[in-house]
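So the structure is just underneath, and the comments pick up after that.
The values are calculated or read from the model by the stated rules, or taken from the named source; none is laboratory data. Because the structure is a prediction, the values reported are computed rather than measured. Neighbour counts are summed over all protein chains in view; Cβ atoms, including those assigned to glycine, are modelled from backbone coordinates with ideal geometry.
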Amino acid sequence: MKNLADIGLIGLAVMGENLVLNMESKGYTVAVYNRTVEKVDHFVNGRGAGKNFIPAHTIEDFVSKLERPRKAMMLVKAGQPVDDFIELLIPHLEPGDIIIDGGNSLYTDTIRRTKYVESKGLLYIGTGVSGGEEGALKGPSMMPGGSPEAWPHVKDIFQAVAAKVEDGSPCCDWVGENGAGHYVKMIHNGIEYGDMQIINEAYHIMKDLLGMSADEQHEVFKKWNTEELDSYLIEITRDILAFKDEDGEPLVEKILDTAGQKGTGKWTVVSALDCGIPLTLIGESVFSRCLSAQKDLRVAASKVLRGPAPQFEGDKQQMIDDLKMALYGAKIISYAQGYDLMMEAAKEHNWNLNLGGIALMWRGGCIIRSVFLGDIKKAFDNNPNLRNLLLDPLFAEKISAAQEGWRRVCAAAISNGIPVPALSSALCYFDGFRSERLPANLLQAQRDYFGAHTYERIDQPRGKFFHTNWTGHGGDTTSNSYVV
C-alpha cells in the first residue's frame with residue numbers, strides 16, 4: 001500500500017462508503033475519516049478490510065496522509081456541516097490543495113465557498129454525485145464545477161469512478177465555474193421530481209380508472225422499458241409493482257401515500273421563479289409532494305368533498321398506449337424546461353455550460369438516466385445555439401406525434417376526477433409555447449388599469465410604452481414596474 005493517499009474522503013455514510021470502495025477498485029489509495037471515528041475503524045476492518053484504505057482519526061491526521069496537491073473530498077450533510085469541515089481543513093492545507101464537496105449543496109453556497117476557499121490560496125470543487133448507493137459503488141454520474149485549475153488534478157479519478165456509456169465515455173466532465181456543478185445537479189434532481197410524478201400519475205390512472213392490478217401494471221412498465229420510455233425510473237417502477245409483501249400482496253399498496261423531499265426540487269423551482277423561467281411541470285411535482293404530506297387534511301376532506309366516481313368505458317389498451325404517449329410528451333417538456341432554466345442561469349452567472357455534454361453525463365449512473373438523453377445530446381451537437389429543445393426538429397416531431405394520446409389521457413383523468421397536475425401542466429405549457437398570441441394583452445390592460453403599469457402595442461416598436469386613462473379621472477403618472 002502507498003504511504004500517501006491519492007485522495008481522501010470525509011463522511012463514511014452509505015454514499016461515502018460506496019464511493020471510496022469504487023475509487024479503490026479503480027486502483028486508487030484512499031484516506032478515510034469520519035467525525036464519529038468508530039465508523040472509520042468499523043469500515044477498514046469490515047467492507048474495507050484488506051484494501052488500499054488509509055484510516056485517519058483526526059483532521060490533521062487525515063490531511064497528513066494525502067499526496068500533494070491534497071484532494072480532500074467531503075460527503076456530508078449539506079449546509080453548516082460543509083462550512084464546518086472547510087474551516088477544520090483550511091489550517092492544515094497548503095496553497096494549491098483542493099477541497100471537494102460531493103454532497104447536495106445549494107449552488108449559491110458553492111459560489112460563496114469557492115470564493116472563500118480561493119481567497120485562502122486553495123482550490124474548491126462542488127460536484128453533484130447522482131445514482132444513489134448503487135451508483136456510488138458501481139459508477140455514478142458526476143457533475144463537477146468550481147475552481148477550473150482544480151479539474152486536471154481530479155479528472156482521472158472522477159472519470160475512472162464515473163459510469164460509462166456504450167462507447168466508454170465517462171458520465172463526468174467539467175461543468176463550469178464556482179456553483180455550476182451543483183446547479184446542474186439541482187436541475188437533474190428537479191427533472192427527477194418531474195419524471196417520478198408523471199410516472200405516479202400514470203400509475204394512478206391505471207389503478208383507479210382502468211382498474212388494473214399491480215401485476216398488470218408491472219407488465220405494462222416492463223414493456224415500456226424496452227421502448228421509447230426505457231429509463232431507470234421506469235425500470236424500478238416495473239420492479240416495485242411486482243414486489244410482494246410477506247402475505248403475497250403487492251407491497252406498494254401498503255405504503256402510506258405521503259412523499260418526502262430533501263429540498264433540491266424546491267430549490268429548482270425557486271431558481272426558476274428568480275430567473276423568470278416557466279418550470280411548470282417540476283413546480284407541480286414539488287407541490288404534489290406537499291399535497292401528499294397533508295394526509296390527515298386530505299382524509300378529512302375526502303369525507304366532505306365529492307367528485308365524479310372513476311368509470312372507464314373506452315378501449316383499455318388504447319388508453320394504455322395513450323398513457324405512454326402522455327409520459328413521453330411530458331418527459332420532453334420536463335427536459336425542455338430544465339434546459340431552458342440552465343441556459344438562463346448560465347447567462348446570469350457567466351457559466352459556459354456544455355449542454356450536450358450535460359446530457360451525456362446523465363446518460364448513465366444517475367437517477368434520470370434514459371435512452372432519451374442521447375437524442376438531447378444530438379440536438380445540441382446539431383445546433384449548439386438551440387434556444388429550446390422543442391425547436392429541435394426531432395423533438396418537435398415527437399411531441400407533435402404524442403399530443404393526441406396525451407390530450408385523451410388528460411381529458412379522461414380530469415373527467416373522472418383523477419389528479420394529473422404534472423401531465424396536464426406540461427400539456428398546457430406545450431399549448432402556451434406554441435401559441436403566437438396569448439391572453440396576456442388583457443392581463444397587461446388590467447395592470448395598467450389598476451396600477452398604471454403601462455403596456456406595449458402590437459402596432460408600435462417593442463420597448464415603447466403606453467398608458468391609458470381607463471376611467472377618465474386618472475392622471476398621467478405611470479409606474480415603472482413593467483417587467484418582462
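Things worth noting here:
- Of all residues in the stretch 52-64, those that are in contact (Cβ under 8 Å) with a residue 12 or more places away in the chain have Cβ atoms under 7 Å from Cβ atoms of residues that are in a loop (DSSP other than H, G, I, E, B) and β-branched (Val, Ile, Thr), 6 or more apart or on another chain, in Asn52/Thr29; Ile54/Thr29; His57/Val37.
- Filter pass, Gly211 being in a loop (DSSP other than H, G, I, E, B), under 25 Å from Lys324 (Cα atoms) and touching a residue at least 40 places away in the same chain (Cβ under 8 Å): yes
- Residue within the stretch 299-319 that is under 30 Å from His188 (Cα atoms) and touching a Gly at 6+ places or on another chain (Cβ under 6 Å) present: no
Quick grid of which residues meet (1) of a type in the set (D, E, K, R); (2) over 30 Å from Tyr339 (Cα atoms):
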{"site": "Glu246", "(1), (2)": "yes, yes"}
{"site": "Ile255", "(1), (2)": "no, yes"}
{"site": "Trp267", "(1), (2)": "no, no"}
{"site": "Asp274", "(1), (2)": "yes, no"}
{"site": "Leu279", "(1), (2)": "no, no"}
{"site": "Cys290", "(1), (2)": "no, no"}
{"site": "Lys295", "(1), (2)": "yes, yes"}
{"site": "Ala300", "(1), (2)": "no, yes"}
{"site": "Arg306", "(1), (2)": "yes, yes"}
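- For first residues located in the stretch 254-275 and of a type outside the set (Phe, Trp, Tyr), partners that are modelled with pLDDT under 95 and not in a helix (DSSP H, G or I) and lie 6+ apart or on another chain with Cβ distances below 6 Å form the pairs Thr264/Asn104.
- Identity of the residue in the stretch 301-320, exposed (fewer than 10 other Cβ atoms within 10 Å of the Cβ) and charged (D, E, K, R), that ends up nearest to Glu404 (Cα to Cα): Glu313
- Exactly one residue among Leu443, Leu427 is outside any loop (DSSP other than H, G, I, E, B) and surrounded by fewer than 13 Cβ atoms within 10 Å (Cβ to Cβ), and that residue is Leu443.
- Once the stretch 264-311 is narrowed to residues that are among the small types (Gly, Ala, Ser) and within 19 Å of Thr108 (Cα to Cα), the residue that is nearest to the chain's Cα centre (by Cα) is Gly265.
- Count - residues of the stretch 339-362 that are out of contact with any Ser or Thr (no Cβ under 8 Å at 6 or more places or on another chain) and either assigned to a helix (DSSP H, G or I) or buried (at least 24 other Cβ atoms within 10 Å of the Cβ) (or both): 14
- The listed residue being in contact with a helix residue (DSSP H, G or I) (Cβ under 9 Å, 6 or more places away or on another chain), surrounded by 12 or more Cβ atoms within 10 Å (Cβ to Cβ) and without any contact (Cβ under 8 Å) to a residue 60 or more places away in the chain, out of Ile399, Ile414: Ile414
- Test for Glu201: is it within 24 Å of the chain's Cα centre (by Cα) and either more than 25 Å from Phe372 (Cβ to Cβ) or assigned to a helix (DSSP H, G or I) (or both): yes
- Whichever residue in the stretch 186-244 is within 30 Å of Tyr107 (Cα to Cα) and of a type in the set (Gly, Ala, Ser) and, among such residues, is surrounded by the fewest Cβ atoms within 10 Å (Cβ to Cβ): Ser231
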